[in-house]
1. Extending each Cα 7 Å along its Cβ direction at Phe141 and Arg23, get the distance between those two points in nm, one decimal.
2. Between Leu152 and Arg13, how many nm apart are label points set 7 Å from Cα along the C-beta direction?
3. Please compute the length gained on full extension between Arg68 and Ile121, using 0.36 nm multiplied by the number of residues separating them and subtracting their Cα-Cα distance.
4. For Arg198 paired with Asp184, estimate the spin-label separation in nm (one decimal), with each label point 7 Å from Cα along the Cα-to-Cβ line.
5. Among Ala43, Trp65, Thr21, whose Cα projects farthest towards the positive end of the dipole of the stretch 3-74, with charges put on the beta-carbon of Lys, Arg (+1) and Asp, Glu (-1)?
6. State in Å² the accessible area per residue of the stretch 189-235; use a 1.4 Å probe, count heavy atoms of protein chains only, and round to the nearest integer.
7. Measure off, as a whole percent, the carbon and sulfur share of the 1.4 Å-probe accessible area of the chain, all protein chains present.
8. Please work out the C-alpha center-to-center distance from the stretch 62-115 to the stretch 144-158 and express it in whole Å.
Amino acid sequence: MSGLLVLADSVGRELQHLLPTQRKTQRVNLALLVATMLDVRSATLMDLAAGLPRPVERIDMRFQWIWRVVMNPLIKPDDVIAPFATERMALMAEQGEPLVLILDQTKINQRHQMLMLALRIGRRALPVAWRVVATQGAIGFEVQKDLLAAALAWLPPEAEVCLMADRCYGTANLIALCQTHGWDDRIRLKGNLSVKSRGRSKTTTGQLAKDKVFALSEIHLTAHDGPAHLGIVQDP
C-alpha cells in the first residue's frame, strides 16, 4: 500500500471515530480526497486529479470523480467539521486560551465569493466554516449571521471568544451580534460610520481619526442602540 493510501486509511479511521453515523462511501471518498490534498499541497481540482490514486487512465475521469464528491449534497461541510472544531476549541478553552475567530472573504472566481470563518491557532488561521455566494461585492450580514450560528454550537459554554474582521464587516449589526453572544470584537470600521457619544456632537469615524481621538467608550454607531467601544490607531 502506498504512503498516500496509508494516509487516507488513517484519515478514514478518524472520520469513523468522530462521525460514526456517516455513510462508508462518503467517509472513504472524503478520506482519499483529504489525503490527496495533503500530498499535492494544493486545493486546485486539476492538481488533485493529477495526484489522485485511482485506477483510471484519463485525468478527466479523476476530475469527474472529485467533482462528484465535492458536489454531493449529502456531504455537509458543517457536519463533517463540527467534531474536529469542537474538539480543538474545547482543548484551547481548557488550557485557558481565548478563542479568536477570524471572519474573512476571498474571491473564488468571476461570479463567486467565499466567506470563511477561521480559528486562530498560534500564528495560523484554521478554517472551520465557510459559505459560497454568487456576488461581486461584500457578502451581507444574513450570510455572516448564518455562518457564525454554525460555529456557535461548537463553542465551549464558558469560552472567552473574540471575533476579528476587516472593515467590510464593520457594521452595527455584527457588533450587536457579538454583544448578544457575550463576545469581544476587534472589527475594523469604515470612515463614514455615524458616531454618537456622550458629551460630543454627532460625527463620523473618519472625522474622529482626523481629530486625533484615540479611544471612546459607550458610543452608538449609526442606528444601533447598544453601546460599543471604539479605538483608533494613529498609524500611517
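The values are calculated or read from the model by the stated rules, or taken from the named source; none is laboratory data. Computed from a prediction, not measured in an experiment: that's the story for all the values here. Neighbour counts are summed over all protein chains in view; Cβ atoms, including those assigned to glycine, are modelled from backbone coordinates with ideal geometry. Ligands, DNA and RNA are stripped out before the accessible areas are found, and what is left, the full protein with its side chains, is counted by its heavy atoms. Shrake-Rupley method; radii C 1.70, N 1.55, O 1.52, S 1.80 Å.
1. 3.9 nm
2. 3.8 nm
3. Using 0.36 nm per residue and subtracting the Cα-Cα distance, I get 15.9 nm.
4. 2.3 nm
5. The listed residue farthest towards the positive side: Thr21.
6. 67 Å²
7. With neighbouring chains kept in place, the figure for the chain is 54 percent.
8. Spelled out, the Cα-based centre of one part sits 13 Å from the other.
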